[in-house]
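Colleague: Please see the structure below; I have some questions.
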Amino acid sequence: MQITILSLFPGMFAGPMQQSIVGRAISRKLLDMHVEDIRDHTRDRHRVVDDVPYGGGSGMVMKPEPVAAAIEWVRARRRLDRLFLLSPQGEPFRQATARRLAGLAGFGLLCGHYEGVDERVRSMVDGEISVGDFVLTGGEPAAWVIVDAVCRLIPGVLGNEQSSSEESFEQGLLEYPQYTRPRVFRGLTVPEVLLSGDHARIRRWRRQQSLIRTRARRPDLFCRLDLDAEDLKLLAEFSAAGTQGERR
C-alpha cells in the first residue's frame, strides 16, 4: 500500500515513520509512505502558502495555488485511489473507515492548517475526514492517527493477524479485559476462568466482558449492536449474578 501526505510541516512525520509498527511496515516494504511539502509548490521566493481571508476575520487561510499544484503533482506521480482533506467538517473517522482505506492500493491525506484551506480546493479532493470533535493546530496529528489505524490492517503487518480482529471497535465492541503475569498483583488476582484452560469458556467470558464494558462505557456503540440470542443470554447471566451478589 502507498500512502501520500501533503503537508506544510513534513518534518512532523520523520520520527513516527521510523518507530513501532509503522516503521517496521515501511522497512519490510509493506507500506510505502511519501510526505510531500506543499511549500515546494509555491512560485514566489518567500514560499508564501497563506493569506488573510476575504471578508475579514482572524487567522490566515491556506492559498489555493500551492495546494492545487501539490495535489496535481502527487496525482500524476503517486498511487492515489482517493485523496482526502483532513477537516473538522469531514466524515467521522471510525474503524470501518480504516478498513475501507486499507482495501485501497493507495490514498492521500491533505493536511489543513491555520484557519483551513481556500474553499475552492475542496473540489479537488475525493472526500473529507475528521478524527474527532476537538481542535488541532493542523491536520498532521490527524493524518498520523489515520496512518497508524490503517497500517495495522495491512496484511502481514501484525505478527498475529487475529489480534487486529479482536481489538476494540473491530466488531463494534470494546475489547475485553487483558491480564498477564504475575497471577496476583497487589492483592488483585487474574480471573479464574482465564486459568482454566477451557478455551470455549474463555471465549464466552471474553464476549460477555466486551458486551458489559461496551454497554457501561460506550452506550452509543452498544445501541447500534445487533445482539443475538447468545449475547442476550450472556448479559442476562451477568445481571443475575449481580442481583444475587446484592442479596447476600
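Read-outs throughout are calculated quantities, based only on the coordinates presented, and are distinct from any laboratory measurement. From a predicted model like this one, the values you see are computed outputs, not experimental measurements. So basically every Cβ, Gly included, is an ideal-geometry build from the backbone, and we count neighbours across all protein chains shown.
Colleague: Roughly how many Å is it from the Cα centre of the range 114-144 to that of the range 165-233, as a whole number?
Modeller: 35 Å
Colleague: What list do you get for R79, R43 if you sort them by fewest beta carbons within 10 Å?
Modeller: Lowest to highest Cβ neighbour count: R43, R79.
Colleague: Among DSSP beta bridges whose residues both lie in the chain, state the antiparallel percentage, nearest 5.
Modeller: Beta bridges within the chain, antiparallel portion: roughly 20 percent.
Colleague: Would you order S7, S239 from fewest to most other beta-carbon atoms within 10 Å of each residue's own beta-carbon?
Modeller: S239, S7
Colleague: What label, among [x] 19.0; [y] 12.8; [z] 18.0, belongs to mean projected area of the Cα convex hull in nm² computed from the structure on display?
Modeller: For mean projected area of the Cα convex hull in nm², the calculated option is [x].
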